[in-house]
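Chemist: One structure follows; several queries about it will come next.
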Amino acid sequence: MAAARRPGRLRGAPENFLDAGQIAAVQAGRRDFLKNAFALAAAGAATGAAAQQGDPAILELPEHSKALGQPVAARGYGEPSRFEKNLQRRESPGLTRVSGASVSFTPLQGLFGIITPSGLHFERHHQGWWDIDPTRHRLMVMGLVQQARVYTLDDLMRLPAVSRMHFIECGANTGMEWGNVAVPTVQYTHGMLSCCEFTGVLLSTLLDHCGVDRKRGKYVLAEGADGSSLTRTIAMERALDDVMVAWAMNGEMLRPENGYPLRLVAPGLQGVSWVKWLRRLKVGDEPFGTKDEVLHYVDLMPDGTLRQYTSIQECKSVITSPSGGQTLLDKGYYNVTGLAWSGRGRVKRVDVSFDGGRNWRTASLEGPLLAKCLARFNIGWNWDGSPAILQSRAIDETGYVQPKINQLRAVRGTRSIYHNNAIQSWKVDAGGEVTNAQVY
Ligand code: MTE
């Protein structure tokens, strides 16, 4: 079980998927890279062997061990190593007609733990993003409240604040896979998913500050300040539970593309309810029924009806490494790792199968295990070099079990876009190539 035998960071998966030829070219390039990396790592792990194999360069003391390094604060705001430049959010070409109304996907295959670095948080805009001057931004709270108020950011930051870790998943995540296998990597199948620590004021605190009418007020409408005037209705019960008006993400102010200076954080609810550039909250006694909830983000059912107001992201998981587009270097031990989450609370268990769902083993869950937050799982696997199908299946604290794709299709049909939380399959062929597959 030498470290060098592990896939290590099986990154560098083909990132942009235009056609099969390009994919093959990138895969071939990566395979070479990994094999070279493997050779070097093996040499480094056994320097005696390296010397015997006539590679004296590996024994020379490198420049960075002999000379003075760079001065502090060379870069006022730190950036990743130049060797990590390939880890990027990426668009799926042709997904939307206009890139202002598009998606950039988080590279889940290259991340560790549960926190998404701010610069790799996925983006989904209906009408492009803005870098809004915070001194000119206002939030109005109105409707069934004793006193309607208009807040500046400074006003809000004087109220009692909380910091919470939560995942956000777009309702359209994995939406391309309803009919068949559509995209090759986990970045594109599941990358409309991120998880951060958010800081802000609880909506309950804010509504109470305005004297919300808790008897008559049954719903809250949240509205964004961008050109789409995106609006979503949130049930009061949920609004008073754990919804936040946040100004910070991962310890710093929100990034412009993620809603700077204010966004709604609606734990467990689909991403569209996390209204960015938040400018208005209105309390009402019935659902507001805006375009973004009666026409968009609805589920087309097999009988042709539209299911509206689906909001909670059900329990789901995915193996992030090894995953589509990666290549196993050799037979032997691999740490299989992935993410699990549930909009209804904590993840209780994750099972992993290596034979397409015939046998399951329970993976270990890394702490902290928080409600409506990503959970990282790990499990060891000895690959014997024969074809395999890797799957993960999550179970949340309510007892809900992540469904197979055919179970989901039996209820939902194949013409939906949203809310696909099916078990993901990755096929490993005898050459170690990992591809996206569907197992029924
Ligand atoms: N809020 C506004 N004002 N405008 C938008 O286009 N997109 C929504 C939601 N909030 C959107 C918005 C959708 S569909 C999603 S999935 C999430 O923001 C994405 O948040 P992110 O871009 O920070 O990942």
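Chemist: Which net charge results when you count Lys and Arg as +1 and Asp and Glu as -1 among the other residues whose beta-carbon is under 12 Å from that of Cys315?
Modeler: So the environment of Cys315 carries a net charge of +3.
Chemist: Distance in nm between label sites at Asn335 and Ala182, each 7 Å beyond Cα in the beta-carbon direction?
Modeler: Spacing of the two 7 Å Cα→Cβ label points: 3.3 nm.
Chemist: Additional query: Return a whole-number percent for the relative contact order of the chain, with Cα pairs under 8 Å and 6 or more residues apart as the contact set.
Modeler: It comes to 16 percent, rounded to a whole number.
Chemist: In whole angstrom, note down how far apart the Cα centers of the stretch 335-353 and the stretch 379-407 are.
Modeler: Each part reduced to its Cα centre gives a spacing of 9 Å.
Chemist: Under the rule of at least 5 residues apart or a separate chain, name every residue whose amide H is placed under 5 Å from the amide H of Leu254.
Modeler: Here the answer is Ala248, Met249, since their amide H atoms fall under 5 Å of that of Leu254.
Chemist: Treating each Cα of the chain as an identical point scatterer and ignoring solvent, apply the Debye formula and state log10 I(q)/I(0) at q = 0.10, 0.14 Å⁻¹.
Modeler: -0.76, -1.32
Chemist: What is the stretch 154-218 by shape, rounded, prolate or oblate, if you read a ≥ b ≥ c off the alpha carbon gyration tensor as root eigenvalues and call it rounded for a/c under 1.5, prolate for a/b larger than b/c, and oblate otherwise?
Modeler: Oblate, since a/c reaches 1.5 and b/c is not below a/b.
Chemist: Let me ask something else about it. So which trypsin sites (Lys or Arg not before Pro) in the stretch 67-116 end up in coil per DSSP with only 13 or fewer other C-beta atoms within 10 Å?
Modeler: Counting only loop positions with at most 13 other Cβ atoms within 10 Å, the trypsin sites (Lys or Arg not before Pro) in the stretch 67-116 are Arg75, Lys85, Arg97.
Chemist: I need the calculated FRET efficiency for the pair Met142 and Glu433, taking r as the beta carbon distance and R₀ as 51 Å, to the nearest 0.05.
Modeler: 0.35
Chemist: Can you tell me how much longer the chain between Thr305 and Arg216 gets when fully stretched, taken as 0.36 nm per residue apart minus their C-alpha distance, in nm with one decimal?
Modeler: This chain segment gains 28.9 nm when fully extended.
Chemist: Find the eigenvalues of the gyration tensor of the Cα atoms of the stretch 194-313, then list the square roots of 5 times those eigenvalues as equivalent ellipsoid semi-axes, largest first, in whole angstrom.
Modeler: After scaling each eigenvalue by five and taking roots: 23, 19, 13 Å.
Chemist: Now, a different point. Can you flag which of Lys276/Lys372; Lys404/Lys427; Lys276/Lys427 are past 27 Å Cα-Cα?
Modeler: Lys276/Lys427
Chemist: Using only the Cα atoms, what convex hull volume per residue in Å³ does the stretch 79-187 have?
Modeler: Measuring per residue, one finds 202 Å³ for the Cα hull of the stretch 79-187.
Chemist: Highest first, please rank the peptides 362-373, 256-267, 160-171 by the mean number of other Cβ atoms sitting within 10 Å of their residues.
Modeler: Taking the mean over residues of other Cβ atoms within 10 Å, the ranking is 256-267, 160-171, 362-373.
Chemist: Can you order the peptides 101-111, 389-399, 128-138 by their average number of other Cβ atoms within 10 Å per residue, highest first?
Modeler: Packing order, densest peptide first, comes out as 101-111, 389-399, 128-138.
Chemist: What is the local net charge at Ser416, summed over the other residues whose Cβ is closer than 11 Å to its Cβ (Lys, Arg +1; Asp, Glu -1)?
Modeler: Net charge around Ser416: +2.
Chemist: Also, I was wondering about something else. In debye, nearest 20: dipole of the chain around its Cα centre with unit charges on the Cβ of K, R (+) and D, E (-)?
Modeler: 500
Chemist: May I pose another question? If I take the Cα coordinates of the stretch 292-440 and project them onto the principal axes, what are the three extents in Å, biggest first?
Modeler: 51, 33, 25
A short reminder: the numbers here are calculations on the coordinates, not readings from a lab. None of the values given here were measured: they were computed from a predicted structure. Ideal geometry is used to build each Cβ from the backbone, glycine not excepted, and the neighbour counts take in all protein chains shown.
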